[in-house]
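Inspection log for the structure reproduced underneath, given as structure tokens.
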Amino acid sequence: MELNTPDFIQLEYIKPDFLTQAMQFMSTIFVLAVGMVVLWIVVMFVVDISQRTDAIRRNFPVIGRFRYLFTTLGEFFRQYFFAMDREEMPFNRAQRSWVKRASKGKSTTSAFGSTANVTAGSMVFVNCPFPVLGEDAVKAKPVLIGENCKKPYEAKSLFNISGMSYGALSAPAVRALSKGAAMAGCWLNTGEGGLSEHHLIGGCDIIFQIGTAKYGVRNDDGTLSDEKLKEVAATPQVKMFELKLSQGAKPGKGGILPGVKVTEEIAKVRGITAYQDSISPNRHHEVDNIEELLNCINHIREVTEKPVGFKSVFGGFGWLEELCAEVNIRGAEFAPDFITIDSGNGGTGAAPMALMDNVGLLISESLPAVVAVLEKHGLRERIKIIAAGKLLTPADVAWALSSGADFINCARGFMFSLGCIQAMKCSKDTCPTGITTHNKRLQKGLDPEDKAVKVANYCLNITKEVETIAHSCGVKSPRQLRPYHIRIMQSDGHSVPMDKINIEISHHV
């Protein structure tokens with residue numbers, strides 16, 4: 001007798017199991033993936049063994065490619081896994097962490113002793129047995145710059161934002177700096193890229209930098225436009241003009257902004273063609289000697305009616321001696337209102353390594369020497385000094401004040417407050433934090449409102465801790481710090497008062 005099996009049972013019996021189907025699908029994918037990998041290896045093998053430009057890849061096809069992969073990843077692994085807190089360059093983890101905590105308004109105290117390696121050249125502040133009590137402390141007073149100008153500038157903050165152009169930085173980053181500077185009461189230097197609406201949005205004081213290409217104040221032929229100078233000077237927020245002769249990372253070479261970062265808006269602000277490399281001349285065409293430099297400074301001052309100074313990396317001081325001598329012949333009113341001293345190891349998004357590593361004196365040598373030259377010629381009170389170049393911690397700022405600076409400018413410290421992770425992608429338009437890229441997707445990670453608060457916190461906390469150092473040294477205000485408040489460690493383990501170290505001034509022109 002034949003049994004009739006119900007249809008639904010028969011269907012269930014012949015239907016493939018779902019798990020079996022999934023395994024078959026995954027097996028197929030795996031086989032395809034392996035096949036693609038094998039195909040890629042074969043293609044790369046043929047390419048590598050056939051090419052003649054790379055010896056490693058030709059001698060070790062495919063495997064040789066891993067060398068470049070590991071070289072690329074090595075920077076990442078060193079930063080996050082292998083480097084100690086004080087080992088990284090150009091800024092170590094301890095420095096970045098301090099800025100990060102300060103910008104977030106968190107405690108900057110640490111426990112269990114210092115991790116700093118006190119070596120020859122390290123500085124130690126001389127504490128006083130009777131430090132200044134909190135109720136006796138005095139805030140740093142504003143300093144008047146350009147006393148002979150029709151519109152002098154009373155600068156309130158001793159710590160300020162150094163030149164970073166719109167173009168090198170993204171629009172959200174510039175907006176955050178502008179708003180943060182207004183909150184902290186410090187100034188914002190435009191850098192050589194001209195004045196944009198993003199600089200003005202926060203209502204902060206602005207220092208307009210005139211680079212060698214005259215971006216923002218140039219005629220079509222690249223010469224200085226008096227008409228555009230007057231337009232910029234008519235903006236109430238613009239307080240001073242800085243003529244840039246050179247900058248730390250590339251003295252003797254102009255600014256470099258890759259074409260990929262020269263958007264339509266940036267090109268309009270600068271007065272150049274969009275999406276073409278923006279490369280400045282290596283000096284101002286109309287400034288070839290001391291007389292022409294003073295003439296240019298005084299011309300800009302006459303047109304703008306506001307203080308004018310210059311920024312330079314120093315390699316020698318003979319030319320500064322000549323400048324001071326010429327000023328004393330013409331009269332003190334013809335002197336630059338300020339000098340910004342940049343360090344030979346300053347930072348930028350793109351610079352030739354030969355210049356970055358080997359050209360220009362460090363701020364540790366040039367600042368005391370410039371002060372000495374100005375004092376020698378009786379111009380120290382007339383010409384204010386702004387120190388720049390990797391001065392981003394309270395000790396750095398206190399040292400600069402002790403050495404004679406009136407103000408300190410900082411760029412990379414404020415970049416860290418914006419969230420910079422030192423990814424070294426500044427010139428590639430791929431900055432992962434949105435600070436130095438014009439990629440809209442990457443810029444979304446940078447909230448100007450949030451970062452503005454961190455910019456302000458960083459500036460205010462720097463000032464607060466510099467005041468703490470000053471009080472420890474027995475003075476009521478940071479600008480009362482002097483060279484004798486610092487001792488410099490020697491190779492034998494002993495220290496020498498900084499004011500006893502002879503300053504040898506090079507007379508190279």
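The values are calculated or read from the model by the stated rules, or taken from the named source; none is laboratory data. Because the structure is a prediction, the values reported are computed rather than measured. Heads up, the Cβs are rebuilt from the backbone with ideal geometry, glycines too, and the neighbour counts pull from every protein chain shown.
Among the numbered criteria (1) assigned to a loop (DSSP other than H, G, I, E, B); (2) buried (at least 24 other Cβ atoms within 10 Å of the Cβ), which one does residue 175 miss?
(1)
If you check residue 53 against the conditions, is it modelled with pLDDT under 70 and of a type in the set (Ser, Thr, Tyr)?
Values: modelled with pLDDT under 70: no; of a type in the set (Ser, Thr, Tyr): yes.
It is false that residue 53 is modelled with pLDDT under 70 and of a type in the set (Ser, Thr, Tyr).
For the condition of a type outside the set (Ser, Thr, Tyr) and modelled with pLDDT of 95 or more, what is the one hit in 341, 363? Steps first, answer last, please.
Numbers: 363 fails: modelled with pLDDT of 95 or more.
The unique qualifying residue is 341.
Which residue, of 197, 192, is over 30 Å from residue 138 (Cβ atoms), among the charged types (D, E, K, R) and modelled with pLDDT of 95 or more?
197
Could you list, in sequence order, the residues of region 186-231 that are out of contact with any Gly (no Cβ under 6 Å at 6 or more places or on another chain), within 16 Å of residue 308 (Cα to Cα), in contact (Cβ under 8 Å) with a residue 60 or more places away in the chain and β-branched (Val, Ile, Thr)?
Across region 186-231, the qualifying residue is only 210.
When region 106-144 is examined, which residues are found to be closer than 25 Å to residue 454 by Cα, at pLDDT below 90 and surrounded by 14 or more Cβ atoms within 10 Å (Cβ to Cβ)?
Passing the criteria: only 108.
Taking the stated definitions as given, is residue 452 closer than 22 Å to residue 190 by Cβ and touching a helix residue (DSSP H, G or I) at 6+ places or on another chain (Cβ under 6 Å)?
Spelling it out, residue 452 is indeed closer than 22 Å to residue 190 by Cβ and touching a helix residue (DSSP H, G or I) at 6+ places or on another chain (Cβ under 6 Å).
Those residues that are part of a strand (DSSP E or B) and either more than 24 Å from residue 288 (Cα to Cα) or hydrophobic (A, V, I, L, M, F, W, C) (or both), I need them from region 194-243; list them, please. Quick ask: steps written out before the conclusion?
Here is the first cut: in region 194-243, the ones part of a strand (DSSP E or B) are 205-210, 218, 224, 238-243.
Result: 205, 206, 207, 208, 210, 224, 238, 239, 240, 241, 243.
Whether any residue in region 244-259 is modelled with pLDDT of 80 or more and assigned to a helix (DSSP H, G or I) is what I want to check.
Checked against the condition, which is being modelled with pLDDT of 80 or more and assigned to a helix (DSSP H, G or I), region 244-259 yields at least one hit.
Taking the stated definitions as given, is residue 265 touching a residue at least 12 places away in the same chain (Cβ under 8 Å) and under 21 Å from residue 232 (Cα atoms)?
Yes: the conditions hold for residue 265.
Matching residues to (1) within 23 Å of residue 209 (Cβ to Cβ); (2) surrounded by fewer than 23 Cβ atoms within 10 Å (Cβ to Cβ); (3) in contact with a Ser or Thr (Cβ under 9 Å, 6 or more places away or on another chain); (4) β-branched (Val, Ile, Thr):
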| site | (1), (2), (3), (4) |
| --- | --- |
| 316 | no, yes, yes, no |
| 354 | no, yes, no, no |
| 368 | no, yes, yes, no |
| 380 | no, yes, no, no |
| 390 | yes, yes, yes, no |
| 397 | yes, no, yes, yes |
| 400 | yes, no, no, no |
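Which one is nearest to the chain's Cα centre (by Cα), of the residues in region 225-248 that are over 16 Å from residue 190 (Cβ atoms) and not small (Gly, Ala, Ser)?
245
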